[in-house]
Structure formats: C-alpha cells, structure tokens
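> Please see the structure below; I have some questions.
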Amino acid sequence: MNVRVFITTISAERFLEVDRPFPPVKISTNLNVVGVEKKGGELLEVPFVFAINYVPAVAQINIKGKARVTGDKKELDKIYNSYKEKKPPPPMVIQSISNVVFVESVVISRTVGIPPPIPLPHIPPMERKKRPEPSYRA
C-alpha cells in the first residue's frame, strides 16, 4: 500500500500583536478524515482537515488536503468497506497524513510567529540528593 498526501488549503492566523509576547498556551490538534472515496479500482482518495487551536485564543492553523492511497485492490476494498462500516482508516493512512501536516504546521507556525504545535518534553524537576548529615561522634 502506498499513501501520498497532498495539501490543498492552508490557513494560519496570529491574533496577538507582533510586539506582544505569548502567554502560556495550551495547544490542541485535531485530524479529521472527512471520507474515503473510490477513484477507480486501485485508488482511494481520503480528504482530511487538520486544525490547531490555541488556548487562550492567540492563533489558529487549518490545513486541508487529500491522501491518495494506492495498492492491491483487495486491500483498498477492505479500507473502503471498513469506512462504510464507520471504522477508522488504517494507522498507516492516519500516520502518513499526520507526518505531513505536523511538519507543514511547524513551518507555518514559524512563518506566522506563533508557538509550534509540537509537544515539548516534560522534564521533572531534579531532586536534590540529600547528603548524609556529618557525624561528629568519636
């Protein structure tokens, strides 16, 4: 199975003035697969919408596009029938779309001057190791 991802629409907006620093923000991402369409015997088209929202509302990014899935007819029929039964697309399709839109959204966020939608690692504060109390016993 081969998945090619095409972006058709990009929208990004910064709501804060450029000279104002960003407050601490919570960033949420949402990838919606809009459908699965047959385009011949060996091609499926999977339209998607990817949205990034910031809380408080300081910016937003929206990316729309289509993934084209090619491969064995049986595999494609299975994906299409699963979609008709309201099941999610296979992880390979979702992962392919996610990889492309996340990379693109990082570039867009830099261009617009907003925090990138990548989770920063949480590093717990270091604990100080207690040294043993000196003993003055003889």
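The values are calculated or read from the model by the stated rules, or taken from the named source; none is laboratory data. Please read all numbers here as calculations on a predicted model, not as lab measurements. Using ideal geometry, Cβ is built from the backbone for each residue, glycine included, and neighbour counts are taken over all protein chains shown.
> Any idea which residue in segment 1-10 is surrounded by the most Cβ atoms within 10 Å (Cβ to Cβ), counting only those that are touching a Lys or Arg at 6+ places or on another chain (Cβ under 9 Å) and closer than 19 Å to P89 by Cβ?
So the first thing to find is which residues in segment 1-10 are touching a Lys or Arg at 6+ places or on another chain (Cβ under 9 Å), and the list is 2-10.
When the remaining residues are screened for being closer than 19 Å to P89 by Cβ, the result is 2-8.
Working: N2: 9, V3: 21, R4: 11, V5: 19, F6: 10, I7: 15, T8: 10.
That would be V3.
> Here's another thing I want to ask about it. Which pairs turn up if I take residues in segment 57-71 that are without any contact (Cβ under 8 Å) to a residue 60 or more places away in the chain and look for partners that are buried (at least 19 other Cβ atoms within 10 Å of the Cβ) and among the aromatic types (F, W, Y) with beta carbon separation below 6 Å, at least 6 apart in sequence or on another chain?
I63/F50
> Say we look at segment 47-71 and pick out the residues that are over 14 Å from the mean Cα position of the chain (by Cα) and not small (G, A, S); which of these is surrounded by the most Cβ atoms within 10 Å (Cβ to Cβ)?
Going residue by residue through segment 47-71, those that are over 14 Å from the mean Cα position of the chain (by Cα) are 47, 55-59, 66-71.
Then keep just the ones that are not small (G, A, S); that gives 47, 55-56, 58, 66, 68-70.
On the way: P47: 15, V55: 10, P56: 12, V58: 17, K66: 19, R68: 14, V69: 26, T70: 15.
Filtering first and then ranking leaves V69.
> Can you confirm whether S105 is in a helix (DSSP H, G or I) and under 16 Å from the mean Cα position of the chain (by Cα)?
The answer is yes for S105.
> Right, another one. Give E37, E13 a once-over and let me know the one that is surrounded by fewer than 17 Cβ atoms within 10 Å (Cβ to Cβ), without any contact (Cβ under 8 Å) to a residue 12 or more places away in the chain and not β-branched (V, I, T). Show your work before the answer.
Values: E13 fails: without any contact (Cβ under 8 Å) to a residue 12 or more places away in the chain.
Being surrounded by fewer than 17 Cβ atoms within 10 Å (Cβ to Cβ), without any contact (Cβ under 8 Å) to a residue 12 or more places away in the chain and not β-branched (V, I, T) holds for just one of E37, E13, which is E37.
> Turning to a different aspect of this structure: Out of all the residues in segment 29-38, is one or more polar (S, T, N, Q) and in contact with a Lys or Arg (Cβ under 9 Å, 6 or more places away or on another chain)?
The first filter runs over segment 29-38 and keeps only residues polar (S, T, N, Q), leaving 29-30, 32.
Checking which are in contact with a Lys or Arg (Cβ under 9 Å, 6 or more places away or on another chain) leaves us with none.
No; the residues of segment 29-38 include none that is polar (S, T, N, Q) and in contact with a Lys or Arg (Cβ under 9 Å, 6 or more places away or on another chain).
> Scan segment 101-127 residue by residue and report those that are acidic (D, E), more than 30 Å from R4 (Cβ to Cβ) and at pLDDT 90 or above.
Let us first name the residues in segment 101-127 that are acidic (D, E), namely 104, 127.
Filter once more, so that each one left must be more than 30 Å from R4 (Cβ to Cβ): 127.
None; the set is empty.
> Might you check whether a residue that is under 12 Å from the mean Cα position of the chain (by Cα) and free of Cβ contacts under 8 Å to residues at least 60 places away in the same chain occurs anywhere in segment 77-96?
yes
> Select from segment 16-34 the residues that are of a type outside the set (S, T, N, Q) and loosely packed, with under 13 Cβ neighbours inside 10 Å and list them in ascending order. Step through it out loud before you land on a result.
First pass over segment 16-34, keeping only residues of a type outside the set (S, T, N, Q): 16-27, 31, 33-34.
Scanning segment 16-34 gives E17, V18, D19, R20, P21, P23, P24, K26, V34.
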